[in-house]
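This report refers to the structure that appears directly beneath it.
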Amino acid sequence: MRLLAYLATAFGVMALAFWAYHVNYDTQDRVDTLRDLNREISSLNEGLTVLNAEWAYLNRPKRLRELVNLNFGALKLLPMTPEQFGTVAEIAYPTPQMKPISDPIEVSAPKEDR
């Protein structure tokens with residue numbers, strides 16, 4: 001009987017060791033994957049920073065003004081003035097269209113069950 005208990009204990013210890021081994025390597029794989037994802041996120045953030053800097057460089061008011069002056073003949077762009085904006089009173093709001101009820105719906109009292 002003791003031999004059976006010793007064998008069961010030994011088998012249990014080996015099974016737990018096997019399980020711990022696999023959990024350890026699975027955890028290490030996931031940590032490596034997480035590290036790779038963090039590296040990729042960092043790289044994409046750096047790229048986004050560069051793109052934002054390029055966008056800010058290309059949208060400089062002085063540069064845009066020079067482009068407008070250079071292409072004035074083709075585009076005929078003029079500076080905006082306050083007179084170009086309208087007032088709220090000039091907005092045409094649609095009027096709600098109401099459909100007439102052709103046949104009124106009859107509502108009857110619920111019948112009592114006995």
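Observations on the model:
- Assigned charges on the beta-carbon of Lys, Arg, Asp, Glu; region 1-44 dipole about Cα centre (debye): 260
- Projecting the Cα atoms of ASN69, HIS22, GLN97 onto the dipole axis of the chain, where Lys and Arg carry +1 and Asp and Glu carry -1 at the beta carbon, places ASN69 farthest toward the positive end.
- Shape category assigned to the chain from the gyration tensor of Cα positions, a/c cut at 1.5: oblate
- For region 5-56, the gyration tensor built on C-alpha atoms gives a prolate shape. Its axis ratio a/c (a ≥ b ≥ c) is at least 1.5, and a/b is the larger of a/b and b/c.
- Listed residue (PHE85, LEU34, MET1) projecting farthest to the positive dipole end of the chain, Cβ model: LEU34
The numbers here are math on the coordinates, done by the rules we state, and not lab data. Keep in mind that what you see is a predicted model, and the values were worked out from it rather than measured. Counting neighbours? That spans all protein chains shown, and the Cβs are built from the backbone with ideal geometry, glycine included.
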